[in-house]
Amino acid sequence: MIKSLKCMLAFAAWLAAQPALAALNVLACEPEWGALATELGGDKASVYVATNALQDPHHIEARPSLIARARNADLVVCTGAELEVGWLPLLQTQSGNPKIQAGQPGYFEAATYVVKLEVPRQVDRAQGDIHPGGNPHIHLSPYNIEKVAVALAERMAQIDSREAAYYQARAKDFLVRWRQAIITWEKAGAPLKGMAIVVHHKNLSYLNDWLGMREVGALEPKPGLPPTTSHLSDLLSRLGKDPAKAVVRAAYNDPQAAEWLSARAKIPAVMLPFTVGGSDRSKDLFSLYDDTLARLLAVSK
Amino acid sequence: MFRRNLIAAAIALAITGPAPAQDAELAKIREEIKQMKEGYERRIDALEKRLAEAEAKAGKAERSAASAETAAASASSRPTSEGAFNPAISLVLQGTYARTSQDPNTFQITGFLPSGGEVGPPKRSFGLGETELAIAANIDPYFRGVAIAALAPEGGAEVEEAYFQTLALPAGFMIKGGRFFSGIGYQNEQHQHTWDFQDAPLAYKAFLGGQLKHDGVQLKWVAPTNLLLELGAELSAGDRFPGSDRNKNGVGGSSLFGHLGGDVGSSYAWRSGISYLKVSPQNRGYEDLDSLGAPVTNSFTGSSRLWVADAVLKWAPNGNSTVTHFKLQGEYFRRKESGQLTYDDTAGSNLFGGPVSASFDGRQSGWYLQGVYQFMPRWRAGYRHDRLNFGTVSNGIVQSGLGPVAADFPVLTPHSPKRDTLMLDWSPTEFSRLRLQFASDQSRLGLTDNQFFVQYLYSLGAHGAHKF
């Protein structure tokens with residue numbers, strides 16, 4: 001009897017000890033926000049990333065492990081703009097965590113802090129899997145990262161007010177380094193201006209907008225639909241008239257279609273890490289941009 | 001804008017200056033105004049430069065929360081009309097083309113007390129399935145509301161689910177109330193249009209009448225662990241199979257469930273569970289035929305307990321399910337029913353001068369195992385094996401020689417049904433699906449029903465989030 005009581009007490013103690021010891025438990029929907037939360041939170045934040053760079057953020061399931069992580073989160077950092085519409089609502093309604101509900105400080109949507117591109121004038125699924133709020137893949141413009149970083153640091157300081165100064169100091173430090181990096185990237189990326197590329201999914205629009213690259217086609221016939229042979233053939237003949245330098249895909253996109261087009265149009269197929277962890281070299285936000293530029297520059301000549 | 005206004009103001013000032021003044025004086029004033037203007041311009045330039053700098057720096061960390069909010073407001077493009085509060089509305093369209101070697105109207109799961117629900121195969125030829133209309137939204141910061149109506153093909157609507165759910169309870173607790181699918185088992189909580197086969201596993205048909213919904217309340221708790229541990233308890237009216245309407249105060253049914261789930265690496269995710277359901281049906285009736293072929297009404301009163309063990313394992317390379325993925329799912333059911341069975345042939349043969357009652361005790365079980373594999377984008381193939389074990393059934397009416405013999409209970413003829421099902425489906429997008437299904441169903445004693453279905457499923461409107 002006493003033994004079983006002891007066991008139960010031990011179990012209860014173990015349960016109580018489960019929420020990570022760090023002050024702020026962050027659940028990031030995508031690796032880029034996980035990396036940003038780590039930059040700003042340092043060792044005061046314990047960051048868990050719900051998805052990896054090889055997963056399509058549109059198609060994630062509300063896995064049991066994610067519900068468990070959402071249960072313990074003080075702050076959920078997501079893209080928003082309907083990117084996580086197929087799974088995040090379940091994490092919110094099934095985790096029993098009032099802190100991360102929409103409208104609460106513990107729910108942070110990065111896309112609300114930037115100006116979105118490609119906001120559709122008309123919302124109809126006949127156009128494919130479009131997002132009424134605009135293109136949600138906002139993180140490949142360094143200026144967007146900057147805006148989100150400012151807002152996220154404020155949010156972290158708001159939730160964990162005892163460490164507010166710490167988050168703000170880290171944000172300041174990050175932004176200084178980030179600004180310097182932008183100057184370097186813009187200098188290095190100058191040759192990419194005007195470069196015509198074919199993308200797999202419309203997930204590089206902010207990168208194109210920043211670097212001045214020209215998107216001349218997409219492998220997906222409509223956003224979210226897998227590439228079809230007839231669409232690829234059309235694209236190939238269009239490239240005859242308006243050639244592209246490369247066909248570019250994100251690490252999580254299936255390489256088949258890009259390779260098909262690359263072989264026939266005789267242009268290189270480029271895999272971009274897309275987010276942190278998408279390539280061996282993209283270990284954080286800085287190296288993500290470094291590697292992205294290096295891969296594009298390698299085919300720009 | 002600001003700058004232009006200032007210049008305009010300066011010019012206006014210049015024009016409305018004292019007219020009768022001397023030329024020299026005028027020149028002096030003009031000079032002063034010019035200086036003022038230049039001064040303003042310098043200050044405005046400086047201001048603009050600072051503004052530009054501030055903007056380029058995208059607001060330093062010390063920028064106030066208020067200005068961040070303003071920026072957020074201007075960056076977001078949320079609709080501001082009254083309609084912005086409209087709930088998420090979605091509609092599921094479905095239908096079948098069915099070809100069966102046996103008459104679907106004669107469907108029965110021999111050996112198992114019938115549920116009285118619609119568990120048979122869809123009607124032959126073209127048939128419309130249930131059209132599902134779902135409306136959901138957060139009610140306020142504390143509650144969320146969901147209503148799902150099923151529009152029946154023959155007309156009429158049924159409330160499939162209509163419940164509120166708490167959003168703001170602390171410590172991982174959630175309460176759901178209204179009508180909802182019970183949390184027992186794995187597939188029970190999933191909506192029919194998200195099932196991987198056209199129909200429910202035989203065990204669901206036999207033990208839960210296809211799918212169990214409660215009118216009641218559910219309390220669920222998620223443990224603060226990194227491995228998912230959730231525990232739930234439900235209290236309900238218990239008025240649906242395996243329960244029955246009792247017209248009694250108090251709780252008619254209760255259930256408990258626990259789930260454990262997590263990941264193995266980035267490619268595997270799993271969940272397993274144990275559930276228990278107890279209901280106390282009163283005069284749960286079913287129609288049968290006696291040995292002369294005349295109609296009989298039987299009814300059961302007593303207690304019905306059901307245990308369910310379930311497990312699901314999903315695989316996708318690196319967790320990316322777009323190209324290939326696999327799902328393995330299985331559940332085991334065990335039911336114990338004990339009470340009184342009443343045999344009433346007064347409307348038919350009327351051989352015993354009234355209804356006959358005696359004790360009834362049944363211990364029966366069943367299971368299914370299914371695997372669904374997406375072998376290329378859009379295409380999935382699946383196989384399911386179903387089995388029910390008759391187990392032990394002791395029918396006091398027959399055993400104590402009250403009159404009716406075993407042949408007067410054809411539904412309870414010892415039989416262990418089984419079924420094999422193959423499925424192939426094609427989903428152009430996540431909103432549309434076409435499915436072919438072939439099943440060899442031995443639910444009926446001594447008969448094999450070869451079933452062929454073509455099914456379409458379309459969902460339109462708000463993008464729903466599907467359970468794991």
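The values are calculated or read from the model by the stated rules, or taken from the named source; none is laboratory data. Quick caveat: nothing in here was measured; it's all calculated off a predicted structure. All Cβ positions, even for glycine, are placed from backbone atoms using ideal geometry, and neighbour counts span all protein chains on display. Side chains included, ligands, DNA and RNA excluded: accessible areas come from the protein's heavy atoms. Shrake-Rupley method; radii C 1.70, N 1.55, O 1.52, S 1.80 Å.
Going by a 1.4 Å probe on protein heavy atoms, which residues of the stretch B:435-466 end up with at least 50 Å² less accessible surface in the whole assembly than in their chain alone?
At a threshold of 50 Å² (probe 1.4 Å), the residues of the stretch B:435-466 that become less exposed are B:His463, B:Ala465.
Just to check I understand the Karplus step: with θ = phi - 60° and J = 6.51 cos²θ - 1.76 cosθ + 1.60, what whole-Hz values come out for the stretch B:129-135, glycine and proline as x?
x, 6, 8, 10, 10, 10, 10
At a 1.4 Å probe, what is the % contribution of carbon and sulfur to the accessible area of the protein assembly as shown?
Taking all protein chains in place, the protein assembly as shown shows 59 percent carbon and sulfur surface.
Per residue, how much accessible area does chain A have with a 1.4 Å probe, in Å²?
Heavy-atom accessible area per residue stands at 41 Å².
Going by a ≥ b ≥ c, the root eigenvalues of the Cα gyration tensor, does chain A fall in the rounded group (a/c under 1.5), the prolate group (a/b larger than b/c) or the oblate group?
The shape class here is prolate.
Is the shape of the stretch B:116-185 rounded, prolate or oblate, going by the alpha carbon gyration tensor and its root eigenvalues a ≥ b ≥ c, with a/c under 1.5 for rounded and a/b larger than b/c for prolate?
It comes out prolate by the Cα gyration axes.
Taking the square root of 5 times each eigenvalue of the Cα gyration tensor, what semi-axes in Å does the equivalent ellipsoid of the stretch B:188-243 have, largest first?
24, 18, 9
Using Cα atoms only, what is the angle between the long axis of helix A:229-241 and the major principal axis of chain A, expressed in degrees (0 to 90) to the nearest 10?
Approximately 50 degrees, to the nearest 10.
What ³J(HN,Hα) values, in whole Hz, does the Karplus curve 6.51 cos²θ - 1.76 cosθ + 1.60 give for the stretch B:226-241 when θ = phi - 60°, with x put for Gly and Pro?
7, 8, 6, 10, 10, 10, x, 9, 10, 10, 9, 5, x, 9, 10, 3
Work from the charge dipole of the protein assembly as shown (Cβ charges, +1 for Lys and Arg, -1 for Asp and Glu, about the Cα centre) and give the residue of B:Pro417, B:Gln374, B:Ser255 farthest towards its positive end.
So the residue furthest toward the plus end is B:Gln374.
Using θ = phi - 60° and the Karplus form 6.51 cos²θ - 1.76 cosθ + 1.60, what ³J(HN,Hα) does each residue of the stretch A:85-102 get, whole Hz, x for Gly and Pro?
Running phi through 6.51 cos²θ - 1.76 cosθ + 1.60 with θ = phi - 60° gives 4, x, 9, 4, x, 5, 4, 6, 7, 9, 8, x, 10, x, 5, 9, 6, 3 Hz.
Less than 20 Å apart at the alpha-carbon level, and either on another chain or at least 8 residues along: which lysines does that give for A:Lys222?
Partners found: A:Lys116, A:Lys202.
Return the value, in Å² to the nearest 100, of accessible area buried between chains B and A (probe 1.4 Å, both sides summed).
For chain B against chain A, roughly 4700 Å² becomes buried.
Starting from the Cα of A:Lys283, draw a straight line to each of the aspartates and glutamates and keep only those under 15 Å, dropping any in the same chain fewer than 8 residues away.
The reachable aspartates and glutamates, counting only those whose Cα sits under 15 Å from A:Lys283, are A:Glu30, A:Glu32, A:Glu39, A:Asp291.
On a 0 to 90° scale, report how tilted helix A:142-159 is relative to the longest principal axis of chain A, with both axes built from alpha carbons and the result rounded to the nearest 10.
So the inclination is approximately 10 degrees.
Connecting C-alpha atoms closer than 10 Å in a GNM of chain A, tell me which of A:Ala37, A:Ala151, A:Ala110 has the biggest fluctuation.
A:Ala151
With the cut-off at 1.5 for a/c, could you classify the stretch A:24-185 from its C-alpha gyration tensor as rounded, prolate or oblate?
oblate
So if I restrict to the alpha-carbon atoms in the stretch A:190-297, what is the Rg, and what is Dmax, the biggest pairwise distance, in Å?
Expressed in Å, the Cα Rg and Dmax of the stretch A:190-297 come to 13.2, 39.
Projected onto the charge dipole of chain A (+1 at Lys/Arg Cβ, -1 at Asp/Glu Cβ, origin at the Cα centre), which of A:Gly86, A:Ile130, A:Tyr167 gives the Cα projection farthest towards the positive end?
A:Tyr167
Could you tell me how many degrees, from 0 to 90 and to the nearest 10, lie between the Cα long axis of helix A:164-188 and the main elongation axis, the longest principal axis, of the Cα atoms of chain A?
In chain A, helix A:164-188 runs at an angle near 10 degrees to the longest axis.
For B:Lys327, go through the lysines and keep the ones whose alpha-carbon is under 27 Å away, minus same-chain ones fewer than eight residues off.
B:Lys205, B:Lys213, B:Lys220, B:Lys314, B:Lys418, B:Lys467
Go ahead and set up a Gaussian network model of chain A, Cα springs under 10 Å, then flag whichever of A:Val47, A:Val114, A:Val148 fluctuates most.
A:Val114
Using only the alpha carbons of the protein assembly as shown, determine the length spanned along each of the three principal axes and report them from longest to shortest in whole angstroms.
Largest first, the protein assembly as shown extends 132, 63, 62 Å along its Cα principal axes.
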